[in-house]
Amino acid sequence: MESLANTGKYQLTEDEVAAMREDFAASFSDDEECENVIGEYAEKGYIMDPHTATCMKAYQTLREKPLKTVVYSTAEWTKFSPTVSKALGKEVEGDIAALKIVSESANVNVPDMIKALFDKPIKHTVVVDKENIKGEMLSFL
């Protein structure tokens with residue numbers, strides 16, 4: 001931790017990495033891989049978000065034994081509708097257009113509470129440059 005504080009990073013030893021690999025594996029998905037998994041499952045009638053798609057890609061590539069597996073999706077597709085729409089082969093601008101495309105293409109309903117968001121007034125219109133975030137937060141508090 002001292003190295004992290006002083007240099008901004010730390011390095012595990014080879015033995016530490018080997019010990020971790022006994023119990024853990026890791027993976028990632030680039031945008032194209034993620035969209036491919038979303039599209040693959042959409043063809044089977046299941047619409048998922050990019051986080052779940054990354055998990056499913058990891059499951060497909062890291063699984064060593066054909067064990068029963070539970071995957072718990074932590075996000076909902078409507079939050080990522082432009083990405084899901086693109087994965088379905090229909091790239092559009094904006095959340096409302098993407099929600100409509102996904103809903104129609106995949107025959108899924110957009111939840112009423114999500115639809116209702118677009119009728120709400122915009123309450124927060126302040127855009128803060130990165131270097132002014134701290135000052136803006138302090139003035140807000």
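Here, each number is a calculation from the coordinates, and none is a lab measurement. What you see is a predicted model; the values in this text were computed from it and never measured. Quick reminder, even Gly has a Cβ in these numbers, built from the backbone with ideal geometry, and neighbours come from all protein chains shown.
Against the definition (out of contact with any strand residue (DSSP E or B) (no Cβ under 7 Å at 6 or more places or on another chain), under 30 Å from L117 (Cα atoms) and not in a helix (DSSP H, G or I)), how does E64 come out, yes or no?
no
Kindly provide the set of residues from the range 67-95 that are assigned to a loop (DSSP other than H, G, I, E, B), surrounded by 11 or more Cβ atoms within 10 Å (Cβ to Cβ) and of a type in the set (D, E), ordered by number.
Across the range 67-95, the qualifying residues are E76, E91.
Do you know which residues across the range 28-69 are touching a residue at least 12 places away in the same chain (Cβ under 8 Å) and among the aromatic types (F, W, Y)?
Scanning the range 28-69 gives F28, Y41, Y59.
If I ask for residues that are within 20 Å of the chain's Cα centre (by Cα) and acidic (D, E), which ones from the range 17-69 would you list?
D30, D31, E32, E33, E35, E40, E43, D49, listed by residue number.
Farther than 20 Å from D30 by Cβ and buried (at least 17 other Cβ atoms within 10 Å of the Cβ) - does that describe any residue in the range 47-57?
Yes, that holds for at least one residue.
Please indicate, with yes or no, whether at least one residue in the range 30-43 is more than 30 Å from S81 (Cβ to Cβ) and exposed (fewer than 11 other Cβ atoms within 10 Å of the Cβ).
no
Step by step: first the residues of the range 99-134, then only those that are in contact with a helix residue (DSSP H, G or I) (Cβ under 6 Å, 6 or more places away or on another chain) and in a helix (DSSP H, G or I), then the one that is surrounded by the most Cβ atoms within 10 Å (Cβ to Cβ). Which residue is that?
V102
Can you work out which of the residues in the range 1-54 that are of a type in the set (K, R) and not in a helix (DSSP H, G or I) is nearest to V102 (Cα to Cα)?
Looking at the filtered set, the residue picked out is K44.
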